[in-house]
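Presented below is the structure to which this report refers.
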Amino acid sequence: MSDQAFISIRNVDKYFGKFQALDDISIDIGHGEFFSLLGSSGCGKTTLLRILAGFENTSSGELKIDGSEMSDVPPHMRPVNMVFQNYAIFPHLNVRDNIAYGLRKQRLSKARRAEMVDEMLDLIKLPDYGDRKANELSGGQRQRVALARALILRPKVLLLDEPLGALDKQLREQMQLELRDLQRTVGITFVFVTHDQEEALTLSDRIAVMSHGKVLQLDTPNGLYERPQSRQVASFIGTMNFFEARVSEVSGGSVIVEAEGLGRIDAGDQRGRQLSVGESVQAAIRPEKLEISPKRPVENDGAVEGQLVNTAYLGERSHFFVSLKGRDQPVAVSAQNREHASLPRPEKGKVWLTWSRASVVLLRDD
């Protein structure tokens, strides 16, 4: 993809003294893509974003944007703009002047400047807020103003450093949808940094999961969730049950394993993973991929009897925790609370867990 990549990051290393913050990072990002860098604090995602912005230099490697090498280009000359978590809105200026701030060095007539600001106010759905002061705005409105101030300069790339981190949960979820709609409207490349996996899954076309300066996996949200390539990625993206297992048979399109608590199970074809008989692996199943029932269903690929040890009612969903013979840790099960659904009663008792072959992912030990 490198020849068509709008942003090309090649073999980038970054050292702060003897500490290596980025380790041989190579990523291609397409034009108009919403691309997220996801990871816990200290993984290197913000350092990489700052390198894209020009606030940090690489120790080695190559960075191109729209075909142009960026290594020696200062921040103010790069075709990018950045939105920070704290918004950096000027409290002494009204909304209109905040949005227009970046235009002050451009030779534009007052009429053209006003027209561009009006376009931005419409874009962020605040057409009547131009004369309001920054301290009169809610957190979500301030975030929109910060986006408008960055977008009015028409950058080729918008860099976003956890811009929703200061918002409460409900407003954050609302702004996620608005941000995605905004990106689709303007059609430019967004590079978004977050530690929130749900936020990354909601917003992104593709995601790079990072840890200790490395990219663990780069994939679509669906690919990361359904086909993680390591236990670290599988546990970071959503909730996962892991079962110690050993490959006992590889034949045709199926891999058979002996898994703790589950016994001998068919894990299907494993989507091209090359596994050998006798190899130790982790058999992983998402909680929502397991079915729980007081009786053993007739049709299933796998089934095991267990003991219900705890439940948690969460409104639209219930969580169940089931103890299995031969396994110390309870298995987590998540089920929708539908009317007339045959879910176990809250009291403890025997239950059956069932699953399909397609729900099992085999992972090599990290």
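Since every read-out is calculated from the coordinates, none of them should be taken as a lab result. The structure displayed is predicted, hence computed values, not measured ones. Note: ideal-geometry Cβ built from the backbone for every residue, glycine included; neighbour counts use all protein chains shown.
A few remarks follow.
- D_trans [Stokes-Einstein, Kirkwood Rh over alpha-carbon pairs] for the chain, 10 °C, 1.306 mPa s, µm² s⁻¹: 68 µm²/s
- Angle in degrees between helix 139-151 and the longest Cα principal axis of the chain, rounded to the nearest 10: 60 degrees
- Cα point-scatterer Debye curve for the stretch 176-331, base-10 log of I(q)/I(0) at q = 0.11, 0.13, 0.19, 0.21 Å⁻¹: -0.59, -0.78, -1.26, -1.38
- Geometric extent, Cα atoms of the stretch 44-151 - Rg, Dmax (angstrom): 16.0, 48
- When the chain is described by a simple charge dipole with +1 on each Lys and Arg Cβ and -1 on each Asp and Glu Cβ, the residue from Gln217, Val331, Tyr15 located farthest towards its positive end is Tyr15.
- The distance between label points at Lys110 and Ala358 comes to 6.4 nm (points 7 Å beyond Cα on the Cα→Cβ vector).
- Taken about its Cα centre, the chain carries a charge dipole of roughly 780 debye when the Cβ of each Lys and Arg holds +1 and the Cβ of each Asp and Glu holds -1.
- Applying 1/(1 + (r/R0)^6) with R0 = 30 Å to the Cβ-Cβ distance of Asn57 and Ala166 gives a FRET efficiency near 0.55.
- Relative contact order (%) - the stretch 79-203, alpha-carbon pairs under 8 angstrom, separation at least six: 35 percent
- Mean Cα-pair separation over length for the chain, i.e. relative contact order, pairs under 8 Å, 6 or more apart, %: 15 percent
- Helical content of the chain, expressed as a calculated mean residue ellipticity at 222 nm, amounts to -6500 deg cm²/dmol (DSSP H runs of 4 or more residues, -39,500 (n - 2.57) each, divided by residue number, nearest 500).
- Gain in span if fully extended, Asn11 to His76, counting 0.36 nm per residue against the direct Cα distance: 21.0 nm
- Links that overshoot a 28 Å alpha carbon limit, given the list Lys45/Lys105; Lys64/Lys133; Lys105/Lys156; Lys289/Lys325: Lys45/Lys105; Lys64/Lys133
- Approximate spin-label separation Gln329-Gln307, in nm, with each point projected 7 Å along Cα-to-Cβ: 2.0 nm
- Percent RCO, i.e. relative contact order, over the stretch 239-364, from Cα pairs under 8 Å lying at least 6 residues apart: 30 percent
- A straight chain from Ser251 to Gln232 at 0.36 nm per residue would run longer than the Cα-Cα distance by 4.0 nm.
- Overall form of the stretch 101-241 per C-alpha gyration tensor (a/c, 1.5; a/b vs b/c): prolate
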